[in-house]
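Okay, structure first, notes after.
Coordinate-derived values only; no laboratory data. No experiment lies behind these values; they were computed from the predicted model shown. Virtual Cβ from ideal backbone geometry, glycine too; neighbours counted across all protein chains shown.
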């Protein structure tokens, strides 16, 4: 992930019809719509129910109506699923990603849902890119209420698509910590840990400047608790996110900012698809207590909980979405 200047593409959409959060009963149409997310796969095409294909929906009131959120890594996988769910619940969503094509696709899908979106090219390991993304989101939508730090890489050359050097797929002696170049370690830490710190800190600065509270939801991983040979850099980066979440919760709490994290296990994302391909499509996770991997939308539901008022007295927590991985 090479730092670059901010390339801004705006998707101009209707503004939400309300400026304050709305409490929506669990049986309301908006909540029923949101609940369908877990059954719809994430792909490069617009995410819509079969009978809604090629139809533009009007904005719907939800429990995040009038809120503004940034989602890093929103161009694919769990970041995209989260962006779409927050938009369904009424939030204006700024997509911050180094993946221009994916980020623009997510913004277009939000437009199809009748929401507001903004895409900002963002390398989360670049302090300047992060500051620009927060400024663009707050400037376009008038404020910032939450940030979701979903951007991450599993190994140093992940963004280049170089699976031959993936230490998880190829746990050879050459890929062990004894032999791996220091720059490989640094790149994973820069994106997965420093990137989360930069994004959370800049968002908190914006919220404090605006004079209101907000929410920060970080992406950790079950790898934070389970040491994995040849994956030291990744595991350490995610363990750092868990502690960073607790520290920022203590620091930012007096400002009314809640900080929590999700710790996904095996989720059907482009990252995991590489594992399946490398292993010949075998069911590598059949031994999990729930007997399957999860869909990105299942993680997004927990992010929504942390972003909404349903978790108004929860901060400093990391919750797993892992199908029982932690029990093994």
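Side notes on the structure shown:
- Across all directions, the average projected area of the convex hull around the alpha carbons of the range 190-239 is 3.6 nm².
- Distance between the range 76-97 and the range 190-248 - C-alpha centres, whole angstrom: 18 Å
- Highest to lowest packing among 199-207, 79-87, 226-234, 176-184, scored as the average C-beta count within 10 Å: 79-87, 199-207, 226-234, 176-184
- Computed from label points 7 Å out along Cα-Cβ, the spacing between residue 290 and residue 228 is 1.8 nm.
- Model label points for residue 176 and residue 209, set 7 angstrom from Cα along the Cα-to-Cβ axis, are 4.9 nm apart.
- Three principal axis extents describe the C-alpha atoms of the range 196-328; from largest down they are 53, 30, 25 Å.
- Whole-angstrom Cα spans of the range 58-127 along principal axes, big to small: 35, 21, 18
- Per-selection Rg to Rh, the range 176-272 - Cα, Kirkwood hydrodynamic radius: 1.04
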